[in-house]
1. What residue, of Lys240, Lys247, Lys216, is charged (D, E, K, R), over 21 Å from the mean Cα position of the chain (by Cα) and modelled with pLDDT of 95 or more?
2. Checking the conditions here, which among Ser48, Ser53 is within 30 Å of Leu271 (Cα to Cα), loosely packed, with under 13 Cβ neighbours inside 10 Å and under 18 Å from the mean Cα position of the chain (by Cα)?
3. Within region 118-125, is there a residue that is within 21 Å of the chain's Cα centre (by Cα), part of a helix (DSSP H, G or I) and under 24 Å from Gln196 (Cα atoms)?
4. Would you tally the residues in region 239-253 being outside any helix (DSSP H, G or I) and of a type in the set (D, E, K, R)?
5. Looking at Pro279 and the list (1) in a helix (DSSP H, G or I); (2) under 22 Å from Pro174 (Cβ atoms); (3) not hydroxyl-bearing (Ser, Thr, Tyr), which single condition is not satisfied?
6. For region 175-189, indicate whether the set of residues that are more than 25 Å from Ile41 (Cα to Cα) and part of a loop (DSSP other than H, G, I, E, B) is non-empty.
7. Taking region 60-81, which residues are in contact (Cβ under 8 Å) with a residue 40 or more places away in the chain, touching a Ser or Thr at 6+ places or on another chain (Cβ under 9 Å) and not hydrophobic (A, V, I, L, M, F, W, C)?
8. Do we have any residue at all in region 254-265 that's in a loop (DSSP other than H, G, I, E, B) and within 17 Å of Ala43 (Cβ to Cβ)?
Amino acid sequence: MSVLLEVNHLSISFLQYTRGFQQKKLNVVQELNVTVHAGEIVALVGSSGAGKSLLAHAILGILPDSAETSGSIRYDGEELTTARQAALRGREIALVPQSVNYLNPLMRVGEQVRTNRGDAKEAVKKQREIFERYGLGAEVERMFPFQLSGGMARRILVSTASVSGAKLVIADEPTPGLDAGVVKETLGFFKELADQGCGVLFITHDIEAALQIAHKVAIIYAGTTVETARPDDFAGSGEKLRHPYSKALWRALPQNGFDPIPGFQPHPGALPEGCRFAPRCPMATNECMNSLPEMRWLRGGSVRCIHAS
């Protein structure tokens with residue numbers, strides 16, 4: 001499979017004004033790495049505030065003007081410049097957002113799905129084919145967002161990516177608040193897109209949902225990637241996993257012992273100097289406090305931990 005998306009050493013920071021109008025730089029994302037191949041679903045898993053959505057916005061080129069970035073983002077072998085992001089956004093690179101609130105409440109959904117799709121007649125034909133494939137009746141295209149059920153809204157949002165013919169689909173938390181049946185249906189849509197050759201970046205905090213469809217799982221903590229693993233590494237008590245946070249996250253699930261992780265994820269304004277997880281890690285030593293560890297290859301995956309073996 002060809003490499004579609006390469007995010008290397010991405011860092012994102014914002015200037016924050018403190019007392020006396022002093023400025024402080026918040027390093028919200030640091031040294032984040034993700035690779036997505038054509039036909040591959042990569043799940044980016046992490047808790048709220050870990051920087052998952054910022055990655056999506058950085059790829060699409062929709063970060064606030066106040067954001068400062070470094071590192072590189074390459075799409076289909078070429079750097080994603082601001083101009084290239086604008087040209088590809090909504091066409092070759094599509095976002096499936098988490099909420100129906102992204103839809104225009106004053107526009108019928110069929111028209112929204114067809115927006116900026118080139119030839120009008122061809123766009124209508126494509127939209128109706130996609131709606132039929134996703135079990136949306138002919139009457140749905142004339143509905144407004146408030147008339148949609150949760151499952152229908154999710155299918156509409158996925159349709160926007162399908163109609164665009166995108167090669168890279170970024171799904172940002174697409175399943176929260178949905179019942180088990182709708183979640184399964186939604187995951188099936190993304191699997192279908194990957195089977196058609198799309199690369200899918202599936203951003204979520206739900207490990208269980210991710211493991212149902214992902215070919216690879218990237219764990220993010222406090223703005224940085226700490227591990228990339230195979231789905232079958234998430235088994236048993238997590239002995240195949242590499243990073244202490246990944247293991248703790250897995251063991252915190254109810255079916256795996258419901259063992260809570262002591263402490264809290266640090267705020268971007270109070271990040272430790274070294275390993276971001278060190279203050280909560282039972283394996284931490286003085287060496288962990290000095291600098292952020294490099295990602296290294298280990299047992300068929302990668303890990304950002306000097307103690308992983």
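1. Details: Lys247 fails: over 21 Å from the mean Cα position of the chain (by Cα); Lys216 fails: over 21 Å from the mean Cα position of the chain (by Cα).
Going through Lys240, Lys247, Lys216 in turn, just one is charged (D, E, K, R), over 21 Å from the mean Cα position of the chain (by Cα) and modelled with pLDDT of 95 or more: Lys240.
2. Numbers: Ser53 fails: loosely packed, with under 13 Cβ neighbours inside 10 Å.
Within the list Ser48, Ser53, the selection yields Ser48.
3. Residues of region 118-125 that are within 21 Å of the chain's Cα centre (by Cα), as a first pass: none.
For region 118-125, residues within 21 Å of the chain's Cα centre (by Cα), part of a helix (DSSP H, G or I) and under 24 Å from Gln196 (Cα atoms): absent.
4. 3
5. Condition not satisfied by Pro279: (2).
6. No, region 175-189 has no match at all.
7. The first filter runs over region 60-81 and keeps only residues in contact (Cβ under 8 Å) with a residue 40 or more places away in the chain, leaving 60, 63-64, 66-77.
With touching a Ser or Thr at 6+ places or on another chain (Cβ under 9 Å) added as a condition, the list becomes 63, 67-71, 76-77.
Within region 60-81, Glu68, Thr69, Ser70, Gly71, Asp76, Gly77 qualify.
8. Narrowing region 254-265 to residues in a loop (DSSP other than H, G, I, E, B): 257-265.
This time we only want the ones that are within 17 Å of Ala43 (Cβ to Cβ), so: none.
No, because not a single residue in region 254-265 is in a loop (DSSP other than H, G, I, E, B) and within 17 Å of Ala43 (Cβ to Cβ).
The values are calculated or read from the model by the stated rules, or taken from the named source; none is laboratory data. The structure presented is a predicted model; accordingly, all values stated were derived computationally and were not measured. Cβ atoms come from the backbone with ideal geometry, glycine included; neighbour counts cover every protein chain shown.
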